[in-house]
Amino acid sequence: MKSIKNLTRMTYETAAFQGWRLAISRKGSSFTKYFSDKVYGDEAKSFAAAEAALAGLKMVLEGARLVDGKHTATTKAKVEKLLKQA
């Protein structure tokens, strides 16, 4: 599978981790989560989980209220909760 914007495939022969990294930055806030092939079963399942989390994350961030051009603490908490549940 090919990497897409905000999702990067992490595959290294010398490292224990193999999976997908979700990384997104919006309005001065950065969010990152790793989706391991071991945890989700295989590459396709970890990709599907990462893609679903990215879609939910974008939905929350696009509809979020801004204060002084930045996301509020409530929005950041919602995103963190969404990433923990993924």
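Residue count for the range 28-55, restricted to those that are over 13 Å from Asn6 (Cα atoms) and surrounded by fewer than 17 Cβ atoms within 10 Å (Cβ to Cβ): 11.
Taken over the range 44-86, the criterion of being assigned to a strand (DSSP E or B) and either on the phi > 0 side of the Ramachandran plot or not charged (D, E, K, R) (or both) is satisfied by Leu66, Val67, His71. Checked against (1) under 17 Å from Leu83 (Cβ atoms); (2) basic (Lys, Arg); (3) outside any strand (DSSP E or B), Lys38 passes all but condition (1).
Across the range 9-55, the qualifying residues are those that are out of contact with any Leu (no Cβ under 6 Å at 6 or more places or on another chain) and of a type in the set (Phe, Trp, Tyr), and the one among them that is nearest to Lys70 (Cα to Cα) is Phe31. Pairs linking a residue in the range 1-15 that is closer than 14 Å to Ala49 by Cβ to a residue that is modelled with pLDDT under 75 and of a type in the set (Val, Ile, Thr), with Cβ atoms under 7 Å and 6 or more positions apart or on different chains, do not occur. Would you say Lys45 is of a type in the set (D, E, K, R), modelled with pLDDT of 90 or more and farther than 19 Å from Phe17 by Cα? Criteria not met by Lys45. Taking each residue of the range 34-47 that is touching a residue at least 24 places away in the same chain (Cβ under 8 Å) and of a type in the set (S, T, N, Q) and looking for partners that are buried (at least 16 other Cβ atoms within 10 Å of the Cβ) and not in a strand (DSSP E or B) with beta-carbon atoms closer than 9 Å, six or more apart or interchain, yields Ser46/Asp37; Ser46/Tyr40.
The values are calculated or read from the model by the stated rules, or taken from the named source; none is laboratory data. Worth saying up front: this structure is predicted, and the values here are computed from it rather than measured. Positions of Cβ are backbone-derived with ideal geometry, glycine not excepted, and every protein chain shown enters the neighbour counts.
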